[in-house]
1. Mind counting the residues in segment 125-149 that are in a helix (DSSP H, G or I) and buried (at least 22 other Cβ atoms within 10 Å of the Cβ)?
2. Report whether or not Arg332 is surrounded by fewer than 16 Cβ atoms within 10 Å (Cβ to Cβ), part of a helix (DSSP H, G or I) and touching a residue at least 24 places away in the same chain (Cβ under 8 Å).
3. Give me the residue from segment 47-61 that is more than 12 Å from the ligand (Cβ to nearest atom) and under 15 Å from Met218 (Cα atoms) and, out of that set, modelled with the highest pLDDT.
4. Among the residues of segment 233-273, write down those that are at pLDDT below 90 and within 16 Å of the ligand (Cβ to nearest atom).
5. Taking segment 180-204 on its own, how many of its residues are at pLDDT 90 or above and not in a loop (DSSP other than H, G, I, E, B)?
6. Which pairs have Cβ atoms under 7 Å, sit 6 or more apart or on different chains, and link a residue in segment 111-131 that is more than 20 Å from Ser235 (Cβ to Cβ) to one that is at pLDDT 95 or above and of a type in the set (Val, Ile, Thr)?
7. Sort through Asp120, Asp99 and tell me the only one that's surrounded by fewer than 18 Cβ atoms within 10 Å (Cβ to Cβ), in the same structural domain as Phe217 (by TED's automatic domain parsing) and over 20 Å from Val183 (Cβ atoms).
8. Is it the case, given these coordinates, that Asp221 is surrounded by fewer than 21 Cβ atoms within 10 Å (Cβ to Cβ), acidic (Asp, Glu), at pLDDT 85 or above and within 16 Å of the ligand (Cβ to nearest atom)?
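The values are calculated or read from the model by the stated rules, or taken from the named source; none is laboratory data. It should be emphasised that the depicted structure is a prediction, and the values quoted were computed from it without experimental measurement. Heads up, the Cβs are rebuilt from the backbone with ideal geometry, glycines too, and the neighbour counts pull from every protein chain shown.
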Amino acid sequence: MKKNNLIYIIVGFILLAFITGYIYHRGKHRHPFRYELDLTDLNEWYHGLIDNGGDHFVINFVDGGPYDFTNDTDLGRDSLVWTKKEDEYFIVYYPRDMDPRKGSFLANRCLDVAHEAIPDLERTMGKYYYPADVMDNRKLGIYLPQKPSDYGRVINELFGSTTDSEGSIGMTVATVTQCGAIVEGIVIHPSCFEADAHVLNGYRTTLRHEMSHYVYFMSVDYGVIAESRHPLWVSEGIADFIGRSRNQVSGADSIQFIAGRCDLNENFPQDGPYPNSSYWAGESFYKFISDSIGRKAPAAFISTLYHAPVESGLAQLFPNDNPKEKWLESLRQNDTLRHPEYLSLLNPKR
Ligand SMILES: [Zn+2]
């Protein structure tokens, strides 16, 4: 064999190995396909979340399929109404009648935040979905309505029906079909861009929070979820943990609340002086496992939950201990729990 041929073969092999590795890397992130989904059970689970204060994401359940997964059917495709700014991973849609400099500026800020969030999502949730991982190379759409009154309208149009978005500043709209799930888009309330908006309500925190919902709703096996009924704190806690709201205020009464009324296998109570407990107490749990077990603990936990009930994730992390007791022990020592009253003012539903 001539030396040149050998070099070609070696180069060819390296290229093939590279491409195979690339395809494998991308392909392994694909979300599960389920062809025998019980939509009645799914609807029950979903409405359980909504009743528990989860009006920050809406899910459409489409009986049957196939469904068009391309961006060609996006709400933002209407170029008379929307302008778009896109890169290889995301499409940001802003209204045609928005000042073009402002629209372009806000869209660029969102693209920066979204790109920056990807490695954090991969590390904290075990995966991220690039367009090559999603059917028809779908990019994640991000909508920036101009006026507060447009916010609910855009959500309703994306959802395809009327839904209550009162009090929310960010919304993830998903469609679950019998041949896979897609996220129609993320909608960010215009108040998130106000110069004096508190960091908790800012577009960065909100977009990161919603992108966590994107990964979660693309990853869960809906067949398992329908049976095991993940409580709301699982998705909201990790979304606030990734959003990096970092608002830590001490609160002995909050620890008392968790000790007396929160069961990790159930939805946390939302009544009385403790609204949004799925958010602050949920985030506190993820912070606890990250601090006490290690930075990889949240990813290990949520990755188990993509295919299993909460008990399985907890049993894996705490084979010999009671997770709630350990959590409370850590809270009593560190006293870093966020105060719910403070949060109810500053942390509207996302
Ligand atoms: Zn949320």
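1. Restricting attention to segment 125-149, the residues satisfying the condition of being in a helix (DSSP H, G or I) are 125, 131-133, 135-137, 148-149.
Pick out the ones that are also buried (at least 22 other Cβ atoms within 10 Å of the Cβ) and you get 125.
Residues that pass the stated criteria total 1.
2. Working: surrounded by fewer than 16 Cβ atoms within 10 Å (Cβ to Cβ): yes; part of a helix (DSSP H, G or I): yes; touching a residue at least 24 places away in the same chain (Cβ under 8 Å): yes.
Yes: the conditions hold for Arg332.
3. Ile59
4. Selection gives Gly243, Arg244, Ser245, Asn247, Gln270.
5. Matching residues across segment 180-204 total 12.
6. Matching pairs, first to second residue: Leu111/Val92.
7. Numbers: Asp120 fails: over 20 Å from Val183 (Cβ atoms).
One residue alone meets the criteria, Asp99.
8. Values: surrounded by fewer than 21 Cβ atoms within 10 Å (Cβ to Cβ): yes; acidic (Asp, Glu): yes; at pLDDT 85 or above: yes; within 16 Å of the ligand (Cβ to nearest atom): no.
Taking the combined requirement at face value, the residue does not satisfy it.
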